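Enquirer: Questions regarding the structure given below will be posed in turn.
The values are calculated or read from the model by the stated rules, or taken from the named source; none is laboratory data. In this text, all values refer to a predicted model and were calculated from it rather than measured experimentally. Note that we place each Cβ from the backbone using ideal geometry, even for glycine, and neighbour counts take in every protein chain shown. Just so you know, the surface numbers come from the protein's heavy atoms only, side chains and all, with ligands and any DNA or RNA stripped out. Shrake-Rupley method; radii C 1.70, N 1.55, O 1.52, S 1.80 Å.
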Amino acid sequence: MLELINVGLTLEGDNGEVQILKEINLKLEQKKIYVVTGPNGGGKSSIAKVIMGIYPATSGEILIDSANITKESITERARLGIGYAFQQPPRFKGMKVRDMLELAAGDNNVNPCDLLFDVGLCAQDYLDREINASFSGGELKRLEIASVLARKLKVALFDEPEAGIDLWSFQKLTETFERLNEKYDTTIVIISHQERILKLADQVIVVANGKISEITDKDKILGEIEHLDTACRCRNACEIGGKANAVKCDR
Ligand SMILES: Nc1ncnc2c1ncn2[C@@H]1O[C@H](COP(=O)(O)OP(=O)(O)OP(=O)(O)O)[C@@H](O)[C@H]1O
């Protein structure tokens, strides 16, 4: 179980200190999928970064299986089984896809071909390719997700995994999360605005203005969306996420 207790985050902005997160309280259980959604700039990525230790929490506590990790480094949190899927995997000269996946897997007994299959890439075409500028954004994104899968994590954080992934592959991406959820006990946290990703959620966490405005059942959020026609969905998404927020859009 991952717990955030009254977590706050203050960062140095251009005009002095800015409070990014306030009183974040969460209990995230093993083998559950949580989708974090809400308006742009609400604080979703900041929550993931505070969990990973990329931003150290300014107040409050973070516990994993009751152990206090609030002051632990990113490296230590990674060792304890927390992983963050970045937009793209790091590239090192000469590193092949196979090397990257084997490095990520460490002692875990996982087959690189299976990992590539899980993210919709053909092992024959990719395994021995060097990770360089010849890869598209979507391919790099999928490799990054494969390397997160390789690590068999306790907590896996995915920040907008659908970004840069074409519609055809999107279906495979949702299947990947379902498979990850079936195979392992990982707590999966996905930051997303996508309705099809929301459908995977055991719980939806709505973040706006640096606070959790709602933790709810996906059916409730999806029910609210279904009442509107396509043209109104954008407005609805703003309203769901921004009850205490003045965010509006005109579409
Ligand atoms: N390093 C930083 N320094 C100052 N302000 C920051 C920093 N990182 C984020 N912020 C601010 O914190 C707020 C929350 O940002 P965050 O990226 O967490 O939002 P988000 O909900 O993930 O947004 P989006 O949906 O657009 O990705 C924003 O107003 C952002 O400008």
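Enquirer: Restricting attention to the range 1-20, report how many residues are open to solvent by 20 Å² or more (accessible area, probe 1.4 Å) and assigned to a strand (DSSP E or B).
Expert: 12
Enquirer: So how many residues does the range 98-152 have that are open to solvent by 60 Å² or more (accessible area, probe 1.4 Å) and of a type in the set (F, W, Y)?
Expert: 1
Enquirer: Sticking with this structure for a sec: Taking the range 21-57 as the region of interest, how many residues are more than 12 Å from the ligand (Cβ to nearest atom), in a strand (DSSP E or B) and crowded, with 16+ Cβ neighbours inside 10 Å?
Expert: Final tally of qualifying residues: 5.
Enquirer: Still on this structure, please answer the following. Return yes or no: is D107 over 30 Å from G164 (Cα atoms) and at pLDDT below 90?
Expert: Yes: the conditions hold for D107.
Enquirer: Return the total of residues in the range 158-197 being open to solvent by less than 30 Å² (accessible area, probe 1.4 Å) and of a type in the set (S, T, N, Q).
Expert: Summing the residues that are open to solvent by less than 30 Å² (accessible area, probe 1.4 Å) and of a type in the set (S, T, N, Q) in the range 158-197 gives 6.
Enquirer: Any idea how many residues of the range 119-144 are part of a loop (DSSP other than H, G, I, E, B) and more than 16 Å from M95 (Cα to Cα)?
Expert: Within the range 119-144, residues that are part of a loop (DSSP other than H, G, I, E, B) and more than 16 Å from M95 (Cα to Cα) number 5.
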